[in-house]
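Below: the structure, in structure tokens.
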Amino acid sequence: MHRGICRGRRAAAALLLAFAAAVQADGIAVAPVRLDLASTAKAEVLSVTNHGSTPSDVQVRVLRWSQSGNDDSYAASDDMAASPPRFLLAPGAEQTVRIYRRIAVAESELSYRIFIDQLPQGVAEPGVVRLPIRLVIPLFVAGSRPGEPVLDWTALRDGEQIRLRAHNRGTQHVRIASLALSPADAGTAAAAQATLLYVLPGASREIVLARPLWLNPATRSLRVAGDSDAGGIDARVELVDVP
């Protein structure tokens, strides 16, 4: 087990570009792709644009986000609200949606996800099921006390796979952008692989990587390196065989 975030902020350029881009699905696009609400702010805004050729019936909801095991869970909440929560968007039109706080500032960071649904319109043909198109973006609401993520790592050797487990015992989320495995005594980390996952405060996530060619049965420790939105990742981790 090892703490694994370097405080120097050197997140990958690809990660920064991902935050700046819009999310788009079959006609509608949403920007930005993530919202961060400061403890001193009451609201943030996002833009929904209809790039399709027909009007879009759009619904916006804010759900509380938690993680258990390796799963994400969502629950209805009155903490945050969207205004307007539903609207009809003409082709080429853009709608600004205000995401605002309805509760007092908490001590620690709170996590949500914003669900933007493009609802089916009209009557479907017989035998045809029309499903809504959904875009989902994260929302993080800062607490009154400054926080930071603290990652503890464990590694399991499971046949031809290495199962990495990242536990965030800090008070702020972390978004892992890339990870790579190297020998524990390596002076230079191996080229990182894109990973792209969030670990919320108090939660754990498992990342499965292919067994590196250099790793042999006698290897008992390795180096985990990569990038996150909280800085570089660099940890020496004990390697344990799956019973």
Report, by residue number, each residue of segment 184-210 that is at pLDDT 90 or above, assigned to a strand (DSSP E or B) and not hydrophobic (A, V, I, L, M, F, W, C).
Tyr198, Ser204, Arg205, Glu206
List, please: which pairs have Cβ atoms under 6 Å, are six or more places apart or on different chains, and start with a residue in segment 24-53 that is under 17 Å from Tyr100 (Cα atoms) and end with one that is of a type in the set (Asp, Glu)?
Leu35/Glu44; Leu37/Glu44; Ser47/Glu94
Go through (1) within 30 Å of Gly147 (Cα to Cα); (2) at pLDDT 90 or above; (3) out of contact with any His (no Cβ under 6 Å at 6 or more places or on another chain) for Arg220 and report which single condition fails.
(1)
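Among the residues of segment 40-63, are any assigned to a loop (DSSP other than H, G, I, E, B), under 20 Å from Gly202 (Cβ atoms) and of a type in the set (Gly, Ala, Ser)? Don't jump to the end; show me each part of the working.
Filtering segment 40-63 for residues assigned to a loop (DSSP other than H, G, I, E, B) gives 40-42, 51-55.
If we keep only those that are under 20 Å from Gly202 (Cβ atoms) too, we end up with none.
Checked against the condition, which is being assigned to a loop (DSSP other than H, G, I, E, B), under 20 Å from Gly202 (Cβ atoms) and of a type in the set (Gly, Ala, Ser), segment 40-63 yields no hits at all.
The values are calculated or read from the model by the stated rules, or taken from the named source; none is laboratory data. Note that the coordinates shown come from a computational prediction; the quantities given were computed from them, not determined experimentally. Glycine also receives a Cβ, built like all others from the backbone with ideal geometry; neighbour counts cover every protein chain displayed.
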